[in-house]
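This report refers to the structure that appears directly beneath it.
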Amino acid sequence: MRRRRIDAGTELWRVEAAPPEDWTWEGFPSARYRFDPESGAFRTRYAASALVGAFRERYRPTGLMIPADHAEHRLVRLVAARHLRVLDLRTEANLDVLGIDDQINTGQHDDVWATCHRLADAVKRWWPAPDALDALVYRPRTTPETSINYAFFALEPFTFESWPLAERTDVLTELVLRHGFTLGWGLR
């Protein structure tokens, strides 16, 4: 398996209820999302390389509708402060070594998700500190041609800034006019 490097300065985007300085990194008692660890020993967060990708991943379940009660949620811009150590799950070589196929990236079946959860725990064992992985890189379901998804395990390798969604009328206007989103509130 080949770990690869993502260059310092790489920009990622995330939409979340809380600003990064308020994030906790304790795991969930049982895995909730694709690369949450089966053990619950740590927290995984998710980001996209494209701003639109972050919104599509977050709001696909709502039909690209951003609810009114999300107006104060945060748009988070993460920038890699150093080179990131990642395992890229988009490469045939890594899929072959792991004995898995591309469903690891986008599959929705329970057995695929169980494999994802076990993989999150495994990479922590395979690459312990100080050489721990910063993220898993995988193909998004909703923007496979224009974005890359990252499942990351700590805020430490990033600098960040964040804004309430309602304050980013430039972004929201672009999402509505060019990407098929609907807002649950009016723009000012």
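The values are calculated or read from the model by the stated rules, or taken from the named source; none is laboratory data. Only a predicted model underlies this, so the values are computations on that prediction, with no experimental measurement involved. Ideal geometry is used to build each Cβ from the backbone, glycine not excepted, and the neighbour counts take in all protein chains shown.
Key figures
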{"read-out": "Residue within segment 123-136 that is over 22 Å from Ser39 (Cβ atoms), assigned to a loop (DSSP other than H, G, I, E, B), among the charged types (D, E, K, R) and in contact (Cβ under 8 Å) with a residue 24 or more places away in the chain present", "value": "no"}
{"read-out": "Qualifying positions in segment 18-51 - aliphatic (A, V, I, L, M), under 14 Å from the mean Cα position of the chain (by Cα) and either over 21 Å from Asn105 (Cα atoms) or not in a loop (DSSP other than H, G, I, E, B) (or both)", "value": "Ala47, Ala48, Leu51"}
{"read-out": "Qualifying residue in segment 56-67 (condition: modelled with pLDDT of 95 or more, buried (at least 21 other Cβ atoms within 10 Å of the Cβ) and not in a helix (DSSP H, G or I))", "value": "yes"}
{"read-out": "Flag for Asp170 being acidic (Asp, Glu) and within 21 Å of Thr44 (Cβ to Cβ)", "value": "no"}
{"read-out": "Any hit, segment 21-32, residues being in contact with a strand residue (DSSP E or B) (Cβ under 7 Å, 6 or more places away or on another chain) and of a type outside the set (Phe, Trp, Tyr)", "value": "no"}
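Condition check ((1) surrounded by fewer than 21 Cβ atoms within 10 Å (Cβ to Cβ); (2) within 20 Å of Arg45 (Cβ to Cβ)) across all residues:
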residue: Asn94; (1), (2): yes, no
residue: Val97; (1), (2): yes, no
residue: Gln103; (1), (2): yes, no
residue: Asp111; (1), (2): yes, no
residue: His117; (1), (2): no, yes
residue: Pro130; (1), (2): yes, no
residue: Leu136; (1), (2): no, yes
residue: Thr142; (1), (2): yes, yes
residue: Glu145; (1), (2): yes, no
